[in-house]
Each structure stands twice: as structure tokens, then as C-alpha cells.
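Written below as C-alpha cells is the structure these notes are about.
The values are calculated or read from the model by the stated rules, or taken from the named source; none is laboratory data. Not measured: the values here are computed from a predicted model. Note that each Cβ is placed from the backbone with ideal geometry, even for glycine, and that neighbours are counted across all protein chains shown.
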Amino acid sequence: MNPTRRHFLSGAAAWMSAPSCLAGQRSIKTISLFHTTDLHGHILPSKTYDGIGDVGGLARCATQIRKWRKECPDHLLFDVGDIYQGTIAGYQTEGKVMIDSFNKMGYDGWVLGNHEFDWGLDIVESAIRRSEMPVITGNVTVEGKKAGEIEDGSFIKLAPWTVKEAGGFRIGLVGLTTPGIPYWSRPELLKGFGVFDPIESLKESVKKLGAEKVDAIVVLGHMGWKREDDFANPIQEMLKQVSGIDVYIGGHSHQDRPAWYWSNVLCTQANYYGINCGRVDLSFDLESRKLVKRNAWTVLMDDRFTLDPVIVESTKTIVENAEERRQTVIGEVSEKISARGKSSPFWQLICTAFMKTAEKQKIFAEGVFHGTFGNPDVDPGVKTIEDAWKWIPYENWLVHARITGAQIRLIMAESKEDRYSDRNLFGLDSEDLQSDKRYGILFNSYDSQSGGRRLMFLRTILAEPASETRLIPVNTRESVIDYFADNYEVK
């Protein structure tokens with residue numbers, strides 16, 4: 001469910017009625033935890049999925065966080081993943097602009113999200129190396145070694161848990177990422193980076209934190225609110241199975257959920273793109289040191305909040321370069337291109353672009369299996385890099401495989417079971433396919449890994465040695481931009 005104004009107002013109301021950390025009794029000490037999630041490279045304000053504009057961005061969150069820090073000297077600050085993919089500024093700097101901003105703001109840690117891997121493990125390693133704070137993610141392995149067991153290299157900063165002291169109290173923090181990553185990211189991009197069951201990892205971390213004699217345990221999980229658990233967001237089962245957790249701070253599912261309880265755990269999630277900034281207050285009895293109250297809420301980052309001058313100044317050149325890049329003309333559309341239906345002219349355009357890319361890479365491709373991400377029609381006129389980002393918002397790489405006609409038919413049948421899918425076969429007629437003959441087919445990397453477990457048969461087929469599956473080092477958006485650059489005027 002996308003955010004609505006009602007959600008925004010309820011979050012704002014919670015903020016207005018929330019108790020100040022300075023107003024407690026003398027016997028109470030309150031520790032505040034500030035959090036962001038799913039920023040996706042957004043430094044400046046953006047708009048919601050519902051089209052509400054001028055909201056969010058890290059620069060606005062920084063203003064709120066600065067205000068909270070003045071009010072509450074005993075605090076910690078975290079991000080729950082999907083930090084840098086999603087904007088031209090993030091793309092051009094390979095995520096550095098966001099990590100540098102976190103360093104300037106003094107974050108106490110962050111969690112790996114699934115989109116951290118979109119540009120490959122080398123970029124993840126660079127981000128971790130650049131980070132001045134720990135990367136808290138437990139249910140991952142690097143070359144078979146779990147987080148916390150890596151003794152040298154960039155990944156030494158990767159930790160399953162950490163303990164932070166604030167106001168004389170020890171807060172145990174556990175980090176987890178979504179187990180869905182292997183169903184979205186190609187092995188060529190993960191390069192031996194593994195993800196395992198978050199429940200198993202959480203049990204291990206909570207047990208070890210027990211020995212650390214912490215006063216509270218907080219889980220930072222790049223898994224989020226769903227009415228029912230799914231393969232990528234198993235938080236209900238996780239909190240049911242693992243006891244001893246006080247707070248769960250979520251992400252990934254792009255929801256503004258100021259507060260809810262599950263298995264007596266206070267849960268909260270602060271939306272996406274910095275549209276909401278989150279806060280949790282933990283109040284302790286100073287005499288017994290027991291946690292006596294938990295409170296969570298989120299605040300809408302609208303025009304009540306100015307842009308933080310430090311973030312604006314430090315990112316100015318990068319943002320300006322990204323804006324120039326955003327407005328760069330890639331070509332012109334002479335007449336409206338319909339995006340309606342499984343074989344729409346827009347679908348034909350992007351599939352043709354992929355075929356041309358394969359040709360330039362000297363890869364023989366006879367067909368493309370792809371969808372359109374539900375794009376609207378493309379109106380006539382000059383088109384820019386910004387348009388290409390709207391058409392293809394994700395960093396998906398092209399993948400080539402040689403599969404049989406019979407396998408292609410089965411893959412198409414599997415795709416039809418997904419009622420939201422408009423994937424179709426381009427360049428070949430499925431009726432004319434020879435069952436035993438192998439055809440060179442192009443896919444995007446997301447679909448090739450199962451499309452989020454919607455195309456498991458496709459995933460299995462492409463994993464077979466006979467399919468000769470290979471990743472082409474060009475992302476699908478670049479392919480479309482290149483096609484426009486070659487033709488300029490597209491009909």
C-alpha cells in the first residue's frame with residue numbers, strides 16, 4: 001500500500017503528541033534512536049508514489065535529526081538499507097555521495113539492503129570501506145565466512161551486532177537484511193556473497209548480546225511491514241520465534257508505519273526516500289535499570305523543514321552535475337508510443353534496443369523475454385536521461401542464454417500465472433519454436449534470478465550449464481539510451 005496523506009497526518013500527529021526526552025521524571029533516563037530507510041540516493045525532496053511533491057530527502061531528514069539531537073543528548077542514529085541506488089547522483093558517484101553524507105552526519109551504523117548489490121559486490125565493498133561507521137548485517141556470508149568472522153579486508157567492518165552506549169545504558173543492536181537477495185541479484189554480481197536465514201542469525205546474535213549484559217535489544221532489519229509474511233519479509237515469524245527483542249526498526253517494503261506491535265515487540269518503519277524520518281524513545285528506570293516505556297513515531301518531511309546547510313553544501317557539485325545529466329537530451333519521439341498491452345509499441349522499442357546492444361557486443365540473440373514495468377504511454381517530444389530513468393527505474397543488467405523452444409514455452413506459461421506481469425516474447429513466434437532447438441534469448445538480470453520468485457522455472461533453466469547463461473555488462477537503461485543516441489528520432 002502506497003503512502004497517503006492520512007498516513008502522513010497520523011505520523012505528524014504522533015510527533016506532536018510524543019513526550020519530550022527532557023520532560024521525564026528524575027528517575028527516568030530516555031535514550032532516543034533516530035532512523036532513516038530506503039533513501040535510494042535521494043538527497044533533495046522528491047515526490048510520493050501518489051504524486052505528492054516536495055517531500056523527503058536526506059537534507060530534510062538531517063534538519064530534523066539535528067533538532068532532535070539538540071533536544072536529546074542521549075541518542076543513536078541508523079539507516080536500515082537501500083541507501084544509494086535510485087537517483088542519478090547515486091549512480092554517478094557509485095553511492096559515495098550517500099556514504100559521505102552519513103559520515104558527515106555521524107551515523108552510528110547502517111544495514112545492507114538488497115539494492116546495495118545492484119551495481120555489484122565491488123561497489124558494496126567500496127561503500128563499506130568508505131563508511132566510518134559499522135555496517136550491521138548478520139545473515140550474510142563472504143566467501144563462506146559469516147559477518148563478524150572476517151578478520152581482514154574491507155568486510156571486517158561488517159558485523160552481525162554491535163553494542164552502543166548512550167546515557168549510561170548499553171543498547172544491543174542487531175542488523176539483518178532481506179533473504180530475498182538471491183532471488184533478485186545475479187551470482188556474477190554477488191561474487192560469492194551469500195545470504196542465509198535471518199531467524200537463525202537473529203537467534204545467534206541475541207544469545208551473544210545476552211552475554212554482553214545489554215539493557216535493551218533493537219533489531220534493524222531490511223525487511224518490512226506486510227499484512228502477511230512473504231519470502232523477503234519474514235518478520236512476523238522471526239519475532240514470534242526469537243524472544244528478548246524490545247524494538248524492531250524495519251525497511252524494504254516502502255511503508256510509513258509509525259508503530260505497531262508483534263509478539264510484544266514494538267515495531268516501526270519510516271517510509272522511503274526520506275519522506276518520513278523515524279524516532280524511537282526507550283525510557284529506563286535509573287534505579288532498576290529496567291526498560292519501562294517504549295515509544296515510536298515518524299515525522300513527515302514536508303516544507304516545514306528546511307534543507308540542512310551542511311548536506312546541501314557538501315553535495316552541491318554532485319547534485320548540480322546530476323541535474324545537468326538529468327536534462328541531457330537523448331533523442332526525440334515523433335508520435336505517441338503506446339505502452340498498453342503485452343505487445344505494445346513501447347515494449348517493442350525497449351526489446352529492439354536490447355537486441356541492438358547484443359549485436360554491438362557480438363552476441364547472437366534471436367529474441368527477448370521482457371516486460372515494461374507498467375509504464376504509461378510515451379508522449380511525442382524531446383526525451384532526456386530523466387525520461388529513461390522513468391521508463392527503467394532499476395539497475396537491471398542484460399543476460400543472454402541459449403534455451404530450447406520447449407523451455408521458452410514453459411517460461412511463458414509460468415509468466416502468465418503472474419496476473420501483474422506483461423512479459424512477452426519478442427523477435428520469435430512461440431508457435432513456430434522447435435522444441436529441441438536452442439535459441440539465444442535476452443532477459444534482464446532480475447527476471448533471470450526468478451523475478452522475486454515469480455519465475456522459478458526460468459531461474460532453474462538458466463542455472464543449467466547447457467543454457468550457457470552469461471551476464472552482459474550493460475544495464476537495460478543504458479541500452480535504451482544508446483538506442484536513442486543511435487537513432488535520435490524514434491517513432
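Among the numbered criteria (1) within 27 Å of Trp397 (Cβ to Cβ); (2) crowded, with 21+ Cβ neighbours inside 10 Å, which one does Leu220 miss?
All conditions pass for Leu220, except number (1).
Given the conditions (1) under 21 Å from Asn295 (Cβ atoms); (2) out of contact with any strand residue (DSSP E or B) (no Cβ under 8 Å at 6 or more places or on another chain), report the number of the one that Gly221 does not fulfil.
Going through the list (1) under 21 Å from Asn295 (Cβ atoms); (2) out of contact with any strand residue (DSSP E or B) (no Cβ under 8 Å at 6 or more places or on another chain), Gly221 breaks only (2).
Taking region 248-265, which residues are in a strand (DSSP E or B), crowded, with 22+ Cβ neighbours inside 10 Å and in contact (Cβ under 8 Å) with a residue 60 or more places away in the chain?
Ile249, Gly250, Asp256, Pro258
Only residues that are crowded, with 22+ Cβ neighbours inside 10 Å, at pLDDT below 95 and within 13 Å of Phe284 (Cβ to Cβ): list them for region 11-44, please.
Listed by number, the list holds a single entry, Cys21.
Picking from Ile88, Ile83, which residue would you name as being surrounded by 20 or more Cβ atoms within 10 Å (Cβ to Cβ), more than 14 Å from His222 (Cβ to Cβ) and aliphatic (A, V, I, L, M)?
Numbers: Ile83 fails: more than 14 Å from His222 (Cβ to Cβ).
Step by step, each of Ile88, Ile83 is checked, and only Ile88 is surrounded by 20 or more Cβ atoms within 10 Å (Cβ to Cβ), more than 14 Å from His222 (Cβ to Cβ) and aliphatic (A, V, I, L, M).
In region 191-206, what count of residues is obtained for those that are among the β-branched types (Val, Ile, Thr) and either under 20 Å from the mean Cα position of the chain (by Cα) or within 15 Å of Leu158 (Cβ to Cβ) (or both)?
First, the residues of region 191-206 that are among the β-branched types (Val, Ile, Thr): 195, 199, 206.
Adding the requirement that they be either under 20 Å from the mean Cα position of the chain (by Cα) or within 15 Å of Leu158 (Cβ to Cβ) (or both) leaves 195.
So the answer is 1.
Would you mention how many residues in region 354-407 are aliphatic (A, V, I, L, M) and in contact with a Ser or Thr (Cβ under 7 Å, 6 or more places away or on another chain)?
We begin by selecting, within region 354-407, every residue aliphatic (A, V, I, L, M); these are 355, 358, 363, 365, 368, 378, 382, 385, 388, 392, 398-399, 401, 403, 406.
Among the residues that remain, those that are also in contact with a Ser or Thr (Cβ under 7 Å, 6 or more places away or on another chain) are: 385, 392, 398-399, 401, 403, 406.
Summing the residues that are aliphatic (A, V, I, L, M) and in contact with a Ser or Thr (Cβ under 7 Å, 6 or more places away or on another chain) in region 354-407 gives 7.
Here is a list: Ile245, Ile235, Ile275. Which entry is buried (at least 21 other Cβ atoms within 10 Å of the Cβ) and under 19 Å from Leu76 (Cα atoms)? Outline the logic, then answer.
Working: Ile235 fails: under 19 Å from Leu76 (Cα atoms); Ile275 fails: under 19 Å from Leu76 (Cα atoms).
From the options Ile245, Ile235, Ile275, the qualifying one is Ile245.
Determine which member of the set Gly274, Gly244, Gly250 is assigned by TED's automatic domain parsing to the domain that holds Val111 and over 18 Å from Gly81 (Cβ atoms). Even if it seems obvious, please write down each step before you answer.
Working: Gly274 fails: over 18 Å from Gly81 (Cβ atoms); Gly250 fails: over 18 Å from Gly81 (Cβ atoms).
None of the others qualify; the one that does is Gly244.
Please work out if Ala388 is surrounded by 15 or more Cβ atoms within 10 Å (Cβ to Cβ), in a loop (DSSP other than H, G, I, E, B), of a type in the set (Gly, Ala, Ser) and not assigned by TED's automatic domain parsing to the domain that holds Gly120.
It is false that Ala388 is surrounded by 15 or more Cβ atoms within 10 Å (Cβ to Cβ), in a loop (DSSP other than H, G, I, E, B), of a type in the set (Gly, Ala, Ser) and not assigned by TED's automatic domain parsing to the domain that holds Gly120.
Got a sec? Which of Ile461, Ile441, Ile408 is under 16 Å from Lys342 (Cβ atoms), touching a residue at least 24 places away in the same chain (Cβ under 8 Å) and of a type in the set (A, V, I, L, M)? Write out each step before concluding.
On the way: Ile461 fails: under 16 Å from Lys342 (Cβ atoms); Ile441 fails: under 16 Å from Lys342 (Cβ atoms).
After applying the criteria, what remains is Ile408.
On the given criteria, is Arg227 closer than 23 Å to Gly210 by Cβ and of a type outside the set (S, T, N, Q)?
no
Residue under question is Ser126, and the condition is that it be in contact with a helix residue (DSSP H, G or I) (Cβ under 9 Å, 6 or more places away or on another chain), at pLDDT below 95 and surrounded by fewer than 19 Cβ atoms within 10 Å (Cβ to Cβ); does it hold?
Working: in contact with a helix residue (DSSP H, G or I) (Cβ under 9 Å, 6 or more places away or on another chain): yes; at pLDDT below 95: no; surrounded by fewer than 19 Cβ atoms within 10 Å (Cβ to Cβ): yes.
Judged against the criteria, Ser126 is not a match.
Would you check which residues across region 190-217 are closer than 11 Å to Leu176 by Cβ, buried (at least 16 other Cβ atoms within 10 Å of the Cβ) and hydrophobic (A, V, I, L, M, F, W, C) and list them?
Of everything in region 190-217, those that are closer than 11 Å to Leu176 by Cβ, buried (at least 16 other Cβ atoms within 10 Å of the Cβ) and hydrophobic (A, V, I, L, M, F, W, C) turn out to be Val195, Ile199, Leu202.
Of all residues in region 54-89, which are closer than 13 Å to Asp38 by Cα and without any contact (Cβ under 8 Å) to a residue 60 or more places away in the chain? Lay out the reasoning, then the answer.
Of all residues in region 54-89, those closer than 13 Å to Asp38 by Cα come to 56-58, 61, 78-87.
Those that are closer than 13 Å to Asp38 by Cα and without any contact (Cβ under 8 Å) to a residue 60 or more places away in the chain: Asp79, Ile83, Tyr84.
Among the residues of region 353-375, what is the count of those that are part of a loop (DSSP other than H, G, I, E, B) and closer than 22 Å to Gly451 by Cα? Before the answer, list the steps.
Taking region 353-375 first, the residues part of a loop (DSSP other than H, G, I, E, B) are 361-366, 371-375.
Applying the additional criterion that residues be closer than 22 Å to Gly451 by Cα yields 365-366, 371-375.
The qualifying residues number 7.
Among the residues of region 356-368, are any out of contact with any strand residue (DSSP E or B) (no Cβ under 9 Å at 6 or more places or on another chain), at pLDDT below 95 and of a type in the set (Lys, Arg)?
No, region 356-368 has no match at all.
Of everything in region 394-406, what is among the polar types (S, T, N, Q) and in a loop (DSSP other than H, G, I, E, B)? Give them in sequence order.
In the first step, residues of region 394-406 are kept if they are among the polar types (S, T, N, Q); the result is 396, 404.
Listed by number, the list holds a single entry, Asn396.
Within region 170-186, identify whether any single residue is part of a strand (DSSP E or B) and among the aromatic types (Phe, Trp, Tyr), and answer yes or no. Let's see the steps before the verdict.
Of all residues in region 170-186, those part of a strand (DSSP E or B) come to 170-176.
Then drop every residue that is not among the aromatic types (Phe, Trp, Tyr), which leaves none.
Looking for residues that are part of a strand (DSSP E or B) and among the aromatic types (Phe, Trp, Tyr), one finds none in region 170-186, hence no.
Would you check which residues across region 49-73 are assigned to a helix (DSSP H, G or I) and either not assigned by TED's automatic domain parsing to the domain that holds Ser314 or not small (Gly, Ala, Ser) (or both) and list them?
From region 49-73, those assigned to a helix (DSSP H, G or I) are 58-71; that's our starting set.
If the condition is that a residue be assigned to a helix (DSSP H, G or I) and either not assigned by TED's automatic domain parsing to the domain that holds Ser314 or not small (Gly, Ala, Ser) (or both), then Leu58, Arg60, Cys61, Thr63, Gln64, Ile65, Arg66, Lys67, Trp68, Arg69, Lys70, Glu71 are the ones that fit.
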